[in-house]
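Structure first, then comments.
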Amino acid sequence: MAAAATTVELVRRVVARSGGGAGSLLQVLRQVQAEGPGWLPVDLLQAVADALGVTVAQARAVASFYHFLYLSPRGHWRVLYSDNIVDRMAGSEARRAELCRALGVMPDTPDPEGVWVSTTSCTGLSDQAPGLLVNGRAVGRVDRDRMREIAALIAQRVAVEQWPGELFRIDMRIERRGPLLARRGAAGCVLSTASHMGAEGILAALTEAGLRGRGGAGFPTGPKWRACRQAPGSERIVVCNADEGEPGTGTFKDRVLLQGWADAVFEGMTLCALAIGARRGFVYLRGEYAFLAPALEATLARRRADGWLGEHIAGRDGWGFDIAVHMGAGAYICGEESALIESLEGRRGVPRLRPPFPVEAGYLGLPTVVDNVETFAAAALVVAEGAERYRAVGTQASCGSKLLAVSGDCPRPGVYEYPFGVQIRQVLEDCGAPDAGAVQVGGPSGTLVGPAGFGRRLAFEDIPCAGAFTVFRQGRDMLAVVRNFTEFFARESCGFCTPCRVGVPLLRDALARRAGGCPLPGEEALLARLEAALPASHCGLGRSASNPLRDLRRGFPEAWATGGERT
Ligand SMILES: Cc1cc2nc3c(=O)[nH]c(=O)nc-3n(C[C@H](O)[C@H](O)[C@H](O)COP(=O)(O)O)c2cc1C
Ligand code: SF4
């Protein structure tokens with residue numbers, strides 16, 4: 001089918017900006033959808049495929065993988081309510097139903113010429129829940145008044161670009177600062193220090209500081225960077241993982257770091273480049289955080305102008321490095337580092353077989369460091385403060401501080417920075433919820449803790465936590481919480497391996513029957529088989545999908561026995 005001239009022109013313009021090549025497929029699809037009709041009709045897919053030298057089947061396969069790419073028209077106003085448990089507790093389901101009523105539309109039913117009201121996994125706005133995306137733009141604090149304002153704007157057919165800017169203001173709520181958030185060094189001075197230290201000095205400092213990755217697994221950062229430096233090859237890559245996962249409970253600490261501490265994150269990436277010998281870096285930014293991209297690009301441009309990116313950084317010969325922002329398109333699994341790399345290469349975000357690990361063969365087969373946003377900011381702090389001062393905070397096995405994204409049933413949600421080793425009880429007191437009934441630490445794949453465990457410590461040697469700290473008041477229906485987590489895993493499973501593709505929906509359905517009071521005969525045996533099978537999944541999503549059920553049965557036997565019959 002020959003594409004219309006306007007389609008060809010749109011694709012030509014977008015491809016010219018992206019640099020072209022199969023690797024830019026995802027970025028080009030995102031852009032042509034945004035600048036074109038709001039979805040991807042077949043002639044547009046064909047034109048993209050022709051321009052990038054891929055088949056239309058490849059273009060379609062990529063488009064079908066990402067939640068925010070559409071193969072059918074969805075409407076002029078696309079309203080996606082965040083559907084994590086915190087949003088639900090803040091009334092998202094009621095607000096969504098009210099919006100549908102106000103506009104006279106059915107939920108989840110696209111109207112090509114009108115409005116589409118549906119849900120998405122999590123928008124990373126749990127400190128200002130409920131949140132939503134409208135045409136990809138984030139809106140927080142969607143209470144009844146705000147819902148009415150949105151309904152009126154849509155009813156009057158006001159284009160989203162003309163909506164009041166105040167609707168799109170996303171605040172940073174910093175409730176507690178430690179060394180990371182208190183740091184306001186002069187731009188670039190860390191890089192001057194790093195230049196004097198050299199690659200070996202940086203690697204030694206990180207190792208001595210005991211810095212461990214903040215993205216979940218807690219792998220030691222110094223040895224990881226060293227492994228990348230020592231991997232064969234002349235080109236290396238630095239990737240900042242800003243896919244900020246752990247939805248279902250809605251973490252947002254990386255969003256806040258990128259909003260207020262982007263320089264520190266870029267410093268960390270730049271000194272990583274010196275340490276491993278890389279010239280190229282990427283920030284992989286989750287699609288839900290598209291609103292951060294212009295400010296990040298502006299910060300990068302300033303750093304280039306000031307000589308902190310580009311050639312001869314800090315006046316050092318041979319230290320050349322630059323960073324590009326690469327947008328995701330709505331796929332939680334792309335936070336898993338090898339899936340992220342697939343996505344960076346323009347493909348579906350399916351986790352790779354490992355080994356080889358990214359430090360040996362990552363982006364385009366090149367040795368690649370993938371680190372969490374907070375890890376890079378912490379690496380910059382190590383270089384700024386020195387290893388000794390850094391490891392004076394925290395515990396023996398968990399050095400330094402940790403950012404927590406606190407949300408849920410508490411009066412003071414926001415980002416809290418604590419020394420590693422802080423007791424759960426302390427965090428609950430600080431956020432105004434000393435009488436909480438439960439806390440989910442580290443998102444759905446983490447640990448559900450009841451009051452008996454509030455003396456436990458957040459540290460790699462007790463309860464590890466990538467960031468999400470979600471508070472549930474006494475009397476919450478904990479089975480509903482676990483169901484929400486399992487629905488999330490089922491929605492976000494990439495479908496690559498059988499235990500997860502088949503097992504997680506079976507688990508989801510069994511929990512729904514349990515909540516409805518009508519489990520099938522032999523259901524317990526089915527659950528036991530699923531709990532035994534899921535750990536054989538290919539990646540962490542499937543492997544941890546039954547954790548919430550395990551914790552519920554252990555810690556909240558009453559909620560399990562009564563099928564969640566509570567408030
Ligand atoms: C399903 C899944 C999702 C993940 N999502 C994220 C994420 O959103 N952000 C992140 O930094 N790490 C995430 N990770 C962990 C990454 O795979 C990887 O371990 C991390 O980026 C390494 O960085 P670090 O050493 O700085 O922690 C995820 C892992 C899995 C299995
Ligand atoms: S465990 Fe799930 S998300 Fe991970 S590879 Fe298998 S199907 Fe995909």
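The values are calculated or read from the model by the stated rules, or taken from the named source; none is laboratory data. This is a predicted model, so every value here is computed, not measured. Here the Cβ positions follow ideal geometry from the backbone for every residue, glycine too, while neighbour counts run over all protein chains shown. In case anyone asks, the SASA skips ligands and DNA or RNA and just uses the protein heavy atoms, side chains included. Shrake-Rupley method; radii C 1.70, N 1.55, O 1.52, S 1.80 Å.
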Can you list, bin by bin at 5 Å, the percent of alpha carbon pairs in segment 208-298, starting at 0?
3, 12, 21, 23, 19, 14, 7, 1, 0
Mean ellipticity per residue at 222 nm, deg cm²/dmol - from DSSP H runs of n ≥ 4 across the chain, formula -39500 (n - 2.57):
-12500 deg cm²/dmol
May I ask which residue of A205, A159, A231 lies farthest towards the positive end of the charge dipole of segment 148-260, with charges of +1 (Lys, Arg) and -1 (Asp, Glu) on Cβ and the Cα centre as origin?
A205
Output wanted: per-residue J couplings in Hz (rounded whole) for segment 85-98, from phi through Karplus 6.51 cos²θ - 1.76 cosθ + 1.60, θ = phi - 60°, x for Gly and Pro.
5, 5, 4, 5, 5, 8, x, 4, 5, 5, 5, 5, 5, 5
Just to check, using Stokes-Einstein with a Kirkwood Rh over alpha carbon pairs, what's the diffusion coefficient of segment 331-400 at 10 °C and 1.306 mPa s in µm²/s?
115
Sparse-neighbourhood loop hits (GluC sites (Glu not before Pro), segment 111-182; DSSP loop; Cβ within 10 Å at most 12 others) -> E113
Would you tell me the accessible area of S18, worked out with a 1.4 angstrom probe on the heavy atoms of the protein chains, in Å² to the nearest 10?
50
Roughly how many percent of the accessible protein surface of segment 205-322 is carbon and sulfur, given a 1.4 Å probe and a whole-percent answer?
53
Taking amide hydrogens as modeled 1.01 Å from N in the peptide plane, which residues meet the under 5 Å criterion relative to A468, leaving out close sequence neighbours?
A405, G442, G443
Please return the longest range in the chain lying between exposed loop sites, taking trypsin sites (Lys or Arg not before Pro), DSSP loop only, at most 14 other beta-carbon atoms within 10 Å, and leaving the sites out.
185-567
Evaluate the Debye formula for segment 85-226 with equal point scatterers sitting on the alpha carbons, no solvent, and hand back log10 of I(q)/I(0) at q = 0.14, 0.21 Å⁻¹, in q order, two decimals.
-0.78, -1.31
Of the beta bridges DSSP finds with both residues in the chain, what % are antiparallel, to the nearest 5?
45
With the other protein chains left in place, how much accessible area per residue, in square angstrom, belongs to the chain at a 1.4 angstrom probe?
38
Pop out the ³J(HN,Hα) list for segment 339-354 in order, Karplus 6.51 cos²θ - 1.76 cosθ + 1.60 with θ = phi - 60°, rounded to Hz; leave Gly and Pro as x.
5, 4, 5, 4, 5, 4, 7, x, 9, 5, x, 9, x, 7, 6, 10
Roughly how many percent of the accessible protein surface of segment 434-567 is carbon and sulfur, given a 1.4 Å probe and a whole-percent answer?
54
Each residue of segment 519-531 in order: what ³J(HN,Hα) in whole Hz does its phi give by Karplus 6.51 cos²θ - 1.76 cosθ + 1.60, θ = phi - 60°, with x for Gly and Pro?
x, 6, x, x, 4, 4, 5, 4, 4, 4, 5, 5, 5
Probe radius 1.4 Å, ligands and nucleic acids ignored: give me the carbon and sulfur share of the accessible area of segment 1-60 as a rounded percent.
57
Largest first and in whole Å, what are the equivalent-ellipsoid semi-axes of the chain based on the Cα gyration tensor, each being the root of 5 times an eigenvalue?
34, 32, 23
